[in-house]
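Shown next, in structure tokens, is the structure this report addresses.
What follows draws every value from the coordinates through simple rules; no lab data is involved. Note that this is a predicted model, so its numbers are computed, not measured. Note that we place each Cβ from the backbone using ideal geometry, even for glycine, and neighbour counts take in every protein chain shown.
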Amino acid sequence: MSHITTKSGYTEFVDRLNRFPQGAPPSETLYKILEVLVSEREAQVLAQLPIRPFTAPQAARLLRMSVAETRDVLDGLADRAVLVDTERDGETTYTLPPPMAGFFEFSMMRMRGDVDQKLLGELFYQYMNIEEEFIKNLFVRGETQIGRVFVHEPVLSRENALHVLDYERATEVVTSATHRGIGVCYCRHKMMHVGRNCDAPMEICMTFNGAASSLIRHGYAREVDVAEGLDLLQQAYEQNLVQFGENVRERVNFICNCCACCCEAMIAARDFGMLNPVHTSNFMPTVDETACSGCGRCVDVCPVGAIGLVSANDPHDSRSRIARVDEEICLGCGVCVRTCSRTALSLRSRPARVITPLNSTHRVIVMAIERGNLQDLVFDKRVLWNHRALAALLGVVLRLPPAKQVLASRQMKSRYLEYLIARFAP
């Protein structure tokens with residue numbers, strides 16, 4: 001660990017990242033990644049920034065720098081997609097996104113020459129696919145996750161369509177967004193540098209709204225209109241890619257078009273499926289055993305191995321097989337339905353509706369409650385070190401058993417919390 005302890009700016013930055021519900025477990029590989037992305041001085045600056053959105057004057061007070069100097073530093077970081085900058089009431093607001101979905105991905109969403117992307121790809125592969133602690137920390141801690149699956153709309157029956165809400169439709173996200181950006185798929189780009197990428201489309205990573213506006217402005221995404229966005233979504237359907245998007249109902253910021261072999265979310269769902277690392281759609285495929293021929297096409301395209309072939313128990317043909325769905329790990333994406341040539345697969349609604357947070361504020365707070373670090377959001381001002389005792393106290397309260405803490409109850413995490421956010425959020 002000698003390498004880590006000598007890099008104080010980077011250790012401060014890692015500590016800052018781990019105050020967010022989506023952290024980044026420290027390792028030698030992580031520090032090498034950060035060294036590629038930012039200087040040690042920049043890491044020190046980033047370590048002092050609030051978790052919540054902030055302006056240049058607010059950051060200047062924390063950093064004890066002039067507003068002009070602070071703005072230059074923040075704009076430079078935003079130009080490299082380490083920060084996300086948005087216009088709010090005529091003033092630029094900055095946000096340090098989590099590593100994923102955030103600045104890790106942004107660093108690979110365009111072909112660039114200012115950093116060694118081959119080295120980055122190799123380091124990301126080591127950190128996420130070999131060491132795995134980051135992926136486990138990201139996808140299997142807590143009940144609420146960063147992403148959810150959108151059902152493949154072309155396979156919805158007329159009856160299914162009556163039960164699909166607007167926020168469950170990827171087409172609605174594309175149509176209603178204020179901005180639409182298309183970038184290089186981080187996952188396949190990363191895998192390309194280690195010789196493991198597939199032939200699925202590369203330029204198909206979708207960002208929306210405020211995130212898209214910032215990425216477009218800084219050249220990390222290409223702006224598209226509604227028609228092209230829908231065309232790309234159709235291309236994803238035809239490639240049997242899974243739509244994995246931000247786990248919110250309002251102002252979705254990203255939809256990834258995921259393959260089973262490259263994409264982190266699908267790999268996590270396959271490796272840790274029983275731990276529910278990805279929120280499913282509200283549908284489940286069902287097999288018409290009288291129509292199923294046991295061809296295995298659905299088995300081949302399922303991104304998480306949720307479909308297998310079992311004996312059809314045909315007394316006249318002991319070798320006959322039929323498809324069977326493992327409902328415990330099925331994502332409900334509907335890719336399998338599209339590939340069935342005998343219409344033996346169809347979608348039905350899940351018995352219990354999957355709950356989706358209202359917006360990103362709602363999701364982050366719930367994730368913080370579940371992961372025991374809500375105090376880091378409540379006392380998120382680095383100048384208020386006198387509040388550390390109160391933060392520690394709140395941390396103890398939040399770690400009480402669920403039955404004894406109102407904050408962790410399902411009622412608090414749904415109706416009451418949603419009401420507060422809708423009423424008081426800016």
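Numbers below:
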item: Base-10 log of normalised Debye intensity for region 2-135 (one unit scatterer per alpha-carbon) at q = 0.10, 0.11, 0.20 Å⁻¹; result: -0.32, -0.38, -1.25
item: Stretchable slack from D271 to S176, in nm (0.36 nm times residue separation minus alpha-carbon distance); result: 30.8 nm
item: Virtual paramagnetic centre 7 Å along Cα→Cβ of A161, amide N under 20 Å, in region 279-299; result: 282-286
item: Rg ratio (alpha-carbon, reference 2.2 N^0.38 Å) - region 141-352; result: 1.05
item: FRET efficiency, 1/(1 + (r/R0)^6) with R0 30 Å, evaluated for C261 and E238 via beta carbons; result: 0.95
item: Neighbourhood net charge (12 Å Cβ-Cβ; Lys/Arg +1, Asp/Glu -1) for Q117; result: +1
item: Positive dipole terminus of region 2-135, leading residue within V67, F124, V14 (C-beta point charges); result: V67
item: Extension gain from R324 to E228, taking 0.36 nm per residue of separation minus the Cα-Cα distance; result: 30.9 nm
item: Stretchable slack from S8 to N137, in nm (0.36 nm times residue separation minus alpha-carbon distance); result: 44.1 nm
item: Net charge of neighbours whose Cβ lies under 12 Å from the Cβ of R180, counting Lys and Arg as +1 and Asp and Glu as -1; result: -3
item: Distance (nanometres) between label positions extended 7 Å along Cα→Cβ at R350 and S311; result: 3.2 nm
item: Share of alpha-carbon pairs per 10 Å distance bin for region 1-79, given as whole %; result: 18, 50, 28, 5
item: Angle in degrees between helix 67-79 and the longest Cα principal axis of the chain, rounded to the nearest 10; result: 20 degrees
item: Cβ-based net charge around D288, under 13 Å, with every Lys or Arg adding one and every Asp or Glu removing one; result: +2
item: The chain: mean projected area of Cα convex hull, nm²; result: 22.9 nm²
